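K.L.:
Handing you this structure, nothing more for now.
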Amino acid sequence: MNAQNLQSRQAVATKPPTTPWTAAMASMVGSVLEYYDFFVYGPMAALVFGAIFFPTGDPALATLLALSTFAVGFVARPLGGIVIGHMGDKFGRKRMLMLTFFLTGGVTVGIGCLPTFNQVGVWAPILLVLLRFIQGFGLGGEWGGAALLAVEHAPESKRGFFGSLVQAGAPIGVILSSGVVAIITGTMSKADLLAWGWRIPFLISILLVVFGLILRVRLTETPDFEKAVASAPAKTKLPLTVALRQYPKQILAMIGLHVSDTTLGFIQGVFILGFATVTLGISPTVALIANIAASLANLIMTPLAGLISDRIGSRPVLVTATAVLALWAFPMFWLMETKSVTALFVVMVCNGMIVGTLFSQQATLFAAVLEPKVRYTGMSVGFQVATVIGGGFGPLIAQALQNSAGGATWSISTYLVIVAIIALVSAIYLTSRQASLRARTFSTTES
């Protein structure tokens, strides 16, 4: 046994260290898969799942039940962030990233293999809900580990850029999912879509899973985690307790900042798409193409903002982005209400740029304000709670506000202004902590 352990350690020692670019690509593919699933599952739930998993006889109720399974994934994310973040802080980033990719990717493929209600009865929706919960649990731990993988492998002077590459996976996932859904719904009959076509988007995600696993299996552990273990061999028993006790303001500020981009992003990707087609009468295909344009703008802006932050710091970038969000909240709907296709594209592209700028800073900034022994847990909790608030409830809040205002959009704009102000205060606090703790946070003597 001792000889086997020695050989294993020697093999690890001779394994070439992971380069920043390899780490960033292995991290990015997780974001691609995550957002691919989100924006494939949503349309399929709305168009198909009510009929094949919840055949109640009432189409409206069936659709509502199907969309509720979308929310199950959000509910499970904070739990996954706590459990997987805990293990990531105790046992390392790489092991957890292999686990989360198996959970998220495997479930996506598994959904494409599920039997329908007509085949197995009530077990079909039960299995669907179970898979969505497992997937949400895995996604809860995916972002924190992926962000740390990229940031902790990167040179300190370029952590803004390499951290932004993790976030750039989000618009790539949206572009891929939108393209696949557009092709399938545009080329298949309703009968074929219900019979077997709905499975295609889920099954082809196996390509992303295989690619991601090939990248991740070659990774080495991050330098920051290894330094933390070397300086404090006794692992922290409960990283969550330590994180909440020592960094409550930082975690709260993470929530306040991340709520901004998730709220705007999901209002755009869910509420505005429906608003454009149902209220404004714009073609669903045109609205979908506009959403792809927003993702392209996001994809361009995310690494660009990361490069800029390495030169001038995160604070100017985030202060500018939150201020723009507050100023943009009202003109955004004024433009759309002209019912012009050009105006819709302008709105979507501007939204994509704002979301990309806000999102680009978070991997690097969140890591900078937490010590390595609790980073995975603290980042995951802050990020996933914000995702539930902004992503899970943002579109619902927007719809409720519009309904309460008699169809007017000023209430949604006011809501976005409030979100922007909270994000601005959070960004100022986090960047001030980043500046004051930089030396200690990344110190080789940190414990």
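K.L.:
Which Cα, out of Val324, Phe162, Thr241, lies furthest along the positive dipole direction of the chain (beta carbon charges, K/R +1, D/E -1)?
P.N.:
Going by the charge dipole, the pick is Thr241.
K.L.:
Follow-up question, since we're still on this one. For Lys237, go through the aspartates and glutamates and keep the ones whose alpha-carbon is under 13 Å away, minus same-chain ones fewer than eight residues off.
P.N.:
Asp89
K.L.:
While we're looking at this one, here's another question. Give me the percent of accessible area attributable to carbon and sulfur for the chain, probe 1.4 angstrom.
P.N.:
Ligands and nucleic acids excluded, carbon and sulfur give 72 percent.
K.L.:
A further question follows. If you plug each phi of region 365-371 into the Karplus form 6.51 cos²θ - 1.76 cosθ + 1.60 with θ = phi - 60°, what whole-Hz ³J(HN,Hα) values come out, in order, with x for Gly and Pro?
P.N.:
Each residue's phi maps through the Karplus curve to give 5, 5, 5, 5, 9, 10, 6 Hz.
K.L.:
Step through the table entries Lys90/Lys158; Lys90/Lys373; Lys158/Lys373; Lys94/Lys249, compare each Cα-Cα distance with 19 Å, and write down the pairs that go over it.
P.N.:
Pairs exceeding 19 Å: Lys90/Lys158; Lys158/Lys373; Lys94/Lys249.
K.L.:
Kindly write out, for region 258-266 in residue order, the coupling ³J(HN,Hα) from the Karplus curve 6.51 cos²θ - 1.76 cosθ + 1.60 (θ = phi - 60°), rounded to whole Hz, with x marking Gly and Pro.
P.N.:
3J(HN,Hα) across region 258-266, in whole Hz: 5, 4, 5, 6, 5, 5, 5, x, 7.
K.L.:
Now for a different question. Just name one of Thr387, Val419, Ala230: the one whose Cα is farthest towards the positive end of the charge dipole of the chain (beta-carbon charges, Lys/Arg +1, Asp/Glu -1).
P.N.:
Of the listed residues, the answer is Ala230.
K.L.:
Classify region 169-227 as rounded, prolate or oblate, taking a ≥ b ≥ c as the square roots of the eigenvalues of its Cα gyration tensor: rounded when a/c is under 1.5, otherwise prolate if a/b is larger than b/c and oblate if not. Numbers along the way, then the final one.
P.N.:
Details: a/c = 4.96, a/b = 2.84, b/c = 1.75.
Prolate.
K.L.:
Report ³J(HN,Hα) in whole Hz for each residue of region 314-327, in order, from the Karplus equation J = 6.51 cos²θ - 1.76 cosθ + 1.60 where θ = phi - 60°; Gly and Pro get x.
P.N.:
These are the phi-based 3J(HN,Hα) values: 6, 4, x, 5, 6, 4, 4, 5, 5, 5, 4, 4, 5, 6 Hz.
K.L.:
Could you work out the relative contact order of the chain, using alpha carbon pairs under 8 angstrom and six or more residues apart, expressed as a whole percent? Write out the running numbers ahead of the final one.
P.N.:
Working: 745 pairs, mean separation 109.1, N = 447.
Here the relative contact order equals 24 percent.
K.L.:
Let me ask another. If you put +1 on each Lys and Arg Cβ and -1 on each Asp and Glu Cβ, how big is the dipole of the chain around its Cα centre, in Debye rounded to 20?
P.N.:
So the magnitude is around 1100 debye.
K.L.:
Now a separate question. Can you match mean projected area of the Cα convex hull in nm² to one of these, [x] 26.8; [y] 19.0; [z] 21.8, based on a calculation from the structure here?
P.N.:
The value computed from this structure is option [z].
K.L.:
State to the nearest 20 debye the size of the charge dipole of region 105-247 about its Cα centre, where the only charges are +1 on K and R beta carbons and -1 on D and E beta carbons. Provide the component values of the computation, followed by the final result.
P.N.:
Numbers: 11 positive and 7 negative charges, 36 e Å.
So the magnitude is around 180 debye.
K.L.:
Right, another one. Can you give me the distance in nm between label points at Arg218 and Thr279, each placed 7 Å from the Cα along the Cα-to-Cβ direction?
P.N.:
The two pseudo-label positions are separated by 4.9 nm.
K.L.:
Per DSSP helix of 4 or more residues, -39500 (n - 2.57); summed, then divided by the residues of the chain. What does that give at 222 nm, rounded to the nearest 500? Don't skip to the end; give the middle numbers.
P.N.:
Values: 21 runs with 356 residues, N = 447.
Counting only the DSSP helices, I get -26500 deg cm²/dmol.
K.L.:
Could you give the dipole magnitude of region 239-355 about its Cα centre, charging the beta-carbon of Lys and Arg +1 and that of Asp and Glu -1, in debye to the nearest 20? The partial results should precede the final answer.
P.N.:
On the way: 5 positive and 3 negative charges, 59 e Å.
Result for region 239-355 is approximately 280 debye, rounded to the nearest 20.
The values are calculated or read from the model by the stated rules, or taken from the named source; none is laboratory data. Fair warning: this is a prediction, and the values are worked out from it, not measured in the lab. So basically every Cβ, Gly included, is an ideal-geometry build from the backbone, and we count neighbours across all protein chains shown. Side chains included, ligands, DNA and RNA excluded: accessible areas come from the protein's heavy atoms. Shrake-Rupley method; radii C 1.70, N 1.55, O 1.52, S 1.80 Å.
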